[in-house]
């Protein structure tokens, strides 16, 4: 097949250079004569690689020393459960800010353990666009163990770029779809977690960045593999970690450093998003229904004004090598996910196709 | 590096043919122009592959229709927790048979939920060899929700090949290190589970085979990703599964079918084990301390009678391309793991080296 651009929301495309390196050394890693997925996680070569990957992630995000970095199994949904299991302690409630499907899904796990104080922060402006109420207006349970929110809703394409102002409350955030796309002031958070399959690596890995003073409060029924303190005390090797995913994440971290780090990525991501949103806004054939200040730079949902053309759009875009543009089944329409690994050439190819398709069907 | 043989206990070597195919199609799967790890788990190509992998596993193990096959995250230790969370119901206790480190580790998760009735089934014969008491002698709590055991202890190299006779009690077994090495009568079990990283594929995946009538009893605090009923109801796609591990497992299943299935594998594995054990038994330089009827065909621990030579043995064997022969840190000595993917040529190379080393150091 010719050159393709893959707009899948996750598992998402990985950087081409990373994939080429991984392929080249697939059967013979570090000249050991075996694959990295065939070596012991307790061997010196693997431990060195794993530690370097953590250090590279710490460098990229400028993670303060009083935070542990955990390489976990179970994905983002696993962390939906791990957060209340580890952080509730003797508190009775958790405050949830909901802005879309993912932040709502997190509530379902919290409700098993505590009273969930839920505040729907979505509203609409005069143009009918969706936006997030400013954090100063959020209704928060001040007695809650922590406040949970999702800075980027992958399905609706709604983002909260500024860190909420919530006083002294512990802030827990699901960064699955924006981690590593721009710098984060980690010190503002109690826990940051992210499934890997968007901006980190393949699925099957999640990363949790946990402030040390929050360790040690796990519910007695917490499965050991979800216990932050146990993971922290074993360098995430309490049990066999997903070793190949960890390795690929490490290659992605090195690639990000070579790209200039997260400030450089933020600029590239802003340029990609601007290219696509400005085209949509300048068209009367396509539309996006999110207010500009809350538009995701990672997931760009858009609709054809005439949705009778959806099937043709999907068929022809796929034939043109622009893959997986169908919107999530819960919202329909189209969605272009343009994570770190998507080059601007891919976004340009999408815009060119969209313009041509509109011209041919107007 | 020249040809190597990798005796790692896990993550273990994978079949050479599988690795070569995976490398060849690493960046372009099914001519989609992208890697299998970059496609949506909800896309038709991935779903078809995943379903075929399940069917191949069902064929290999002759899994009856009233069993669900679940592709899980969290490894074997995750299943240590998932089993009591899902199976305890309104019962107050779990019966555990312990034969080594892994079956003991499972107790620690069960104890969080229920009274653990533990029976240590290890004994020694007149020659001082370790063996497992026959199941007719096991002390079992008849009121327990289920009986848990581990048919193959990876660290000690102790195996129970025959299925225990325990009457009507639900039998739950950790088959992490022997699954797919020989046929299993699945109908005798309530739940069979296995971490993938020995005989199935890369780490980060676990498979649970669950009899349908055991579904629906999960503890209210069970994390959704560990809930057998939720996983069964979503074809293991409640959340994003470890897609690349599932794909590689599927390649391994196809490879096993091409080898002639599990009866053929059982013959090959028996021949490999016989070659190594008979050499050890015929030597006064090496020893194995497990009674013949309980010797593992997957993990062969052995000791140098003169343990002053351990360091030299490990150094020279590694230099000869015989990798990761060091025994587990809890028991010391040596261990050769000879799972399905290890060809008999690798065992022969090990025996040849051992004979030469003994000759040079006697």
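What the table shows:
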read-out: Filter result for the condition that a residue is surrounded by 23 or more Cβ atoms within 10 Å (Cβ to Cβ) and within 14 Å of chain B (Cβ to nearest Cβ), over A:301, A:242; value: A:242
read-out: Filter pass, residue B:179 being buried (at least 17 other Cβ atoms within 10 Å of the Cβ), in contact with a strand residue (DSSP E or B) (Cβ under 8 Å, 6 or more places away or on another chain) and either in the same structural domain as residue B:290 (by TED's automatic domain parsing) or within 29 Å of residue B:30 (Cα to Cα) (or both); value: yes
read-out: Residue in segment A:162-171 that is without any contact (Cβ under 8 Å) to a residue 60 or more places away in the chain and farther than 17 Å from residue A:190 by Cβ present; value: yes
read-out: Flag for residue B:148 being surrounded by fewer than 24 Cβ atoms within 10 Å (Cβ to Cβ) and assigned by TED's automatic domain parsing to the domain that holds residue B:233; value: no
read-out: Filter result for the condition that a residue is in a helix (DSSP H, G or I) and surrounded by fewer than 15 Cβ atoms within 10 Å (Cβ to Cβ), over B:329, B:360; value: B:360
read-out: In segment B:122-161, the residues that are within 18 Å of residue B:299 (Cβ to Cβ) and part of a loop (DSSP other than H, G, I, E, B); value: B:129, B:150, B:151, B:154, B:155, B:156, B:157, B:160, B:161
read-out: Residue ID - nearest to the chain's Cα centre (by Cα), chosen from residues in segment B:1-19 that are more than 7 Å from chain A (Cβ to nearest Cβ) and exposed (fewer than 15 other Cβ atoms within 10 Å of the Cβ); value: B:16
read-out: Residue check, residue A:305 under 20 Å from residue A:352 (Cβ atoms) and not assigned by TED's automatic domain parsing to the domain that holds residue A:122; value: yes
read-out: Some residue of segment A:221-237 being within 14 Å of another protein chain (Cβ to nearest Cβ) and within 26 Å of residue A:26 (Cα to Cα); value: yes
read-out: Residue within segment B:52-61 that is within 19 Å of residue A:225 (Cα to Cα) and at pLDDT 95 or above present; value: no
read-out: Yes/no for residue B:178 being within 12 Å of another protein chain (Cβ to nearest Cβ) and assigned to a loop (DSSP other than H, G, I, E, B); value: no
read-out: Failed item, numbered, when residue A:40 is tested on (1) closer than 22 Å to residue B:76 by Cβ; (2) touching a residue at least 40 places away in the same chain (Cβ under 8 Å); (3) surrounded by fewer than 22 Cβ atoms within 10 Å (Cβ to Cβ); value: (2)
read-out: Helices (runs of 4 or more DSSP H) contained entirely in segment B:9-98, each with at least 2 residues that are touching a helix residue (DSSP H, G or I) at 6+ places or on another chain (Cβ under 9 Å) and within 16 Å of residue B:251 (Cα to Cα); value: B:16-24, B:44-61
read-out: Failed item, numbered, when residue A:103 is tested on (1) out of contact with any helix residue (DSSP H, G or I) (no Cβ under 9 Å at 6 or more places or on another chain); (2) outside any helix (DSSP H, G or I); (3) under 30 Å from residue A:302 (Cα atoms); value: (2)
read-out: Extreme residue, farthest from residue B:167 (Cα to Cα), among residues of segment B:74-124 that are within 13 Å of chain A (Cβ to nearest Cβ) and more than 22 Å from the chain's Cα centre (by Cα); value: B:112
read-out: Matching option when the condition is in the same structural domain as residue A:159 (by TED's automatic domain parsing), surrounded by fewer than 22 Cβ atoms within 10 Å (Cβ to Cβ) and at pLDDT 95 or above, among A:268, A:254; value: A:254
read-out: Some residue of segment A:279-289 being in contact with a helix residue (DSSP H, G or I) (Cβ under 9 Å, 6 or more places away or on another chain), closer than 30 Å to residue B:75 by Cα and surrounded by 21 or more Cβ atoms within 10 Å (Cβ to Cβ); value: no
read-out: Residue match in segment A:143-161 (condition: at pLDDT below 95 and touching a helix residue (DSSP H, G or I) at 6+ places or on another chain (Cβ under 9 Å)); value: yes
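The values are calculated or read from the model by the stated rules, or taken from the named source; none is laboratory data. Because the structure is predicted, anything quoted here is derived from the model rather than measured. Cβ sites come from the backbone with ideal geometry, for glycine too, and all protein chains shown count toward neighbours.
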